[in-house]
Each structure stands twice: as C-alpha cells, then as structure tokens.
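This report concerns only the one structure given below.
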Amino acid sequence: MQCEKALNMIKHCMCKLGTRDINLGFKLFDSMVAPILYYGAELWGTEKVKDIETVQNKFCKWLLGMGQKTNNHIARGECGRHELYINYACKPIKYFLHLQCMDDNRLPKLCYRMMFKMNEHGRLNWCSKVQRLLFSNGFGVVWESQSVGDAKLYEEFFQFCISNHKLAIEQEVDMKTSQEKIGCIKICNTNEIE
C-alpha cells in the first residue's frame, strides 16, 4: 500500500532524528499519509473503514512505544487524536453541497439528479449513503430540502457534530434497546447519572 511506504518513511526519518515527538509525527502523518488514505473519500467515505483506522492506531502506538495489543482508544487519546472517520466522512457531505451549487446542465449534477430519483425508487447508491449519513447525524432536514445556507459553516458544524462523543446511555437509546436495558445499572453498575 502507498500509505505504508509513506508511514515507513516517516518512521525512518523520525528514528534518524532520534525523536518520537507526537506533534511532529502527526504533522507528517496528516500531510503525507492522510491524503493517501482519504483518496476518493467523496465516494466511499460514508462508512467507517477499519483498515484506515488501523493505520492511525498502529502509528499512535509506535509513537508512544506501546504494544500492538494496547487498546486503540487509549493510544488515540494519549496522542490527542480522534478516529479518521470524522475527517473522511465530511468529504461526501462537502461534495454533496458542491453538487447542490452546480448549474443544472453540468454532467455531475445531471448524474446526481438521476441517482437521486433512483434512490427515491428504492435503488441503493451514493445518494442513499449520503442520505443515511445525514439522517443518522441529525441533519435529515438538509437532505429533505436539498440545500443549506452557508456551506462552509455547515461543513464545520457537521464535522463538530460527528466528532461529538455520546454518553453510553445515549448510545443505548440510539440502538432502540428496551427500557429495562437503558438504566445506569446495566452500563456502569452504579446508580449515579453519567
């Protein structure tokens, strides 16, 4: 994989410098490895890809000198990183917004309109995935209206919302579990509110 070459080059350079500085490591990671990982994310970025997350998790563990069996959340947390999904999930939304601003006679817009109609008739395609991504993050109104006011502001707000972590009790409700399973006792074995 191309990203492995870039990652090995970063590791080699950092070893030659005799440092495993987290800030330097992720500045290099974000400029050399992430663009390779995100390539074409406008099309496929609506769902988490385990292999992409694994690249960052391994790099976090290498920077910190942790074993590969260390919990991924701990390694990312120590490095001050979040899942890469938060970055690449914004790319399809950004492209969706770009399509909304295009002239109706442009080929990408015509293709989008065709996929939109197919989606309305139950055919799964890119539009279906973008629709699911918007609705699952509370932005169904954007899909329904097929427009948004300030696109730049919306992109930043969308990224903020998908990076916002939910409490365990909220995740239980989102999964539509039964009322008996939602209580705090199941989650943390105390009767305190999170």
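The values are calculated or read from the model by the stated rules, or taken from the named source; none is laboratory data. From a predicted model like this one, the values you see are computed outputs, not experimental measurements. Every residue, glycine as well, gets a Cβ built from its backbone with ideal geometry; the counts of neighbours run over all protein chains shown.
Matching residues to (1) assigned to a helix (DSSP H, G or I); (2) among the basic types (Lys, Arg); (3) modelled with pLDDT under 70:
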residue: HIS98; (1), (2), (3): yes, no, no
residue: ASN105; (1), (2), (3): no, no, no
residue: SER128; (1), (2), (3): yes, no, no
residue: GLN159; (1), (2), (3): yes, no, no
residue: ILE162; (1), (2), (3): yes, no, no
residue: LYS176; (1), (2), (3): no, yes, yes
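Working carefully through the options LEU63, LEU7, LEU17, find the one that is without any contact (Cβ under 8 Å) to a residue 12 or more places away in the chain, farther than 26 Å from PHE158 by Cα and not charged (D, E, K, R).
LEU17
Please determine whether any residue of region 26-34 is among the hydrophobic types (A, V, I, L, M, F, W, C) and within 27 Å of SER128 (Cα to Cα).
Yes, region 26-34 contains a residue that is among the hydrophobic types (A, V, I, L, M, F, W, C) and within 27 Å of SER128 (Cα to Cα).
Can you pull out the helices (runs of 4 or more DSSP H) entirely within region 1-88 that have at least 1 residues that are closer than 27 Å to LEU99 by Cα and among the small types (Gly, Ala, Ser)?
34-37, 41-44
Could you list all residues from region 20-60 that are in contact with a Leu (Cβ under 9 Å, 6 or more places away or on another chain) and touching a residue at least 60 places away in the same chain (Cβ under 8 Å)?
Once the filter is applied, which keeps residues that are in contact with a Leu (Cβ under 9 Å, 6 or more places away or on another chain) and touching a residue at least 60 places away in the same chain (Cβ under 8 Å), region 20-60 yields THR46, GLU47.
Just one of the numbered conditions (1) more than 30 Å from CYS60 (Cβ to Cβ); (2) modelled with pLDDT of 90 or more; (3) not small (Gly, Ala, Ser) is not true of CYS90; which one?
(1)
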